[in-house]
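Heads up: the structure comes next, in structure tokens.
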Amino acid sequence: MVLAVVAKDTSGVLERFEIERRAVGDSDVDIDIKYCGICHSDLHQIRGEWAMPLLYPMVPGHEIAGIVRSVGPKVTKFKVGDRVGVGCIVDSCRSCDSCAKGLEQFCANGMLGTYNSKTTKYGQKTKVLEGHDSEYTFGGYSQSVVVTEECVVRIPDSIDLAASAPLLCAGITTYSPLAHFGAKAKGSACTTGVIGFGGLGHMAVKLALAMGNTVYVFSTSVGKKAAVEELGAKFVCSADKDQMAAVTGKCNFILDTVSGNHDANLYLSALAVDGTFCVVGAPQAPFSIHAFSVRGVGGGVFGLGRRRPQMLSRCFLMMCACLFVAVLVYLAEYLVSTSNCLTASRPAAHHGA
């Protein structure tokens, strides 16, 4: 049995719980979880804020960093004692066009999320959760996890293990579009706008600056101006019409990282002709974009699996992991204030992947 922190409903209250991980298969890696980052998407799912099926009890967490404690007989990439990480995906069909291209998040047959994702399609689980009609994954807010080798990434010794956890979601989710849409290749010739300066936004700013980009940060929180400028980026208060007018047409690439509902049209004027506006935040409400404002729009879900090693290497070179604030104070305070996980009595056992 494995101790975990779970949500039983949309109240946001978390508590200790015991779960059972599946047995280690031939190609599986058994990981002793040392750290798990807190992603805003964890809060969205815990509180049922997205239009998707809710599966409770829910064990969130998809920014996992730990140490390999055992491996299956067919595992070739990892050994006991290795430092490893697990991001948002723990399996996919591995046979469709998307999977063949390293785009597992767009798996034609449906990728398997690290938590709250039904497992029956890939046969990862044999036990049915007591009192529930289907099997599903449990995430990293727990002591250990068993993951197929193909969805595990090695954490370089040069990166602090605790700081590496958020790189598996926030890091790859921002690095991937910066690389895909040319901000990395263009370097100093690219001006990048980052909307929001939270977990994703903070990481995006550091990555874009490390790539040589001129970076504008759009935020309604004037209190973040000093932190933005300390990193070397330029702060734009999106509530100030004069400041917004001053950056009209300046950005070759804009990355929208905001997870709360907001009006994307406000920022499109800052986009240069033939520029790209990419959305990686996940608000509850759908976007509504005026047709005449569109100059180039893209989107992304998590990051590209094949780019994870590139991203980790980049973060080491720019010492991003050492500087990155892994858990936002707001998220930490929220979870602490709504959780009795440290004082709860030993609960009944449930079974999960």
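The values are calculated or read from the model by the stated rules, or taken from the named source; none is laboratory data. Since this is a predicted model, take the numbers as computed values, not measurements. All Cβ positions, glycine included, derive from the backbone under ideal geometry; neighbour counts span all protein chains shown. All accessible areas refer to the heavy atoms of the entire protein, side chains included, with ligands and DNA or RNA removed. Shrake-Rupley method; radii C 1.70, N 1.55, O 1.52, S 1.80 Å.
Straight-distance candidates among the lysines for linking to Lys225, with alpha-carbon spacing under 19 Å and chain neighbours fewer than 8 residues away dropped: Lys206, Lys234, Lys241.
Accessible area per residue was computed with a 1.4 Å probe on protein heavy atoms; Ile64 scores about 0 Å².
Taking a straight line from the alpha carbon of Lys74, these aspartates and glutamates sit under 17 Å away, with near neighbours fewer than eight places off in the same chain left out: Asp26, Asp28, Asp30, Asp82, Asp91, Glu149, Glu150.
A Förster distance of 41 Å, applied to the separation of the beta-carbon atoms of Gln243 and Lys101, puts the FRET efficiency at 0.55. Phi-derived couplings, Karplus 6.51 cos²θ - 1.76 cosθ + 1.60 at θ = phi - 60°, listed residue by residue for region 261-278: 5, 7, 8, 5, 4, 4, 9, 5, 5, 7, 7, 6, 4, 6, x, 10, 10, 10 Hz, with x used for Gly and Pro.
Taking amide H as placed 1.01 Å from N in the peptide plane, the amide H of His62 sits under 5 Å from that of Cys39, Gly140, each at least 5 places away or on another chain. Accessible surface area normalised per residue over region 27-66 is 30 Å², counting heavy atoms of protein chains with a 1.4 Å rolling probe.
Fully extending the segment from Glu229 to Tyr56, taken as 0.36 nm per residue of separation minus the present Cα-Cα distance, adds 58.1 nm. From a point 7 Å beyond the Cα of Asp263 in the direction of its Cβ, which residues of region 187-227 have a backbone N at a distance under 19 Å? Flagged as within label range: 195-196, 218-222.
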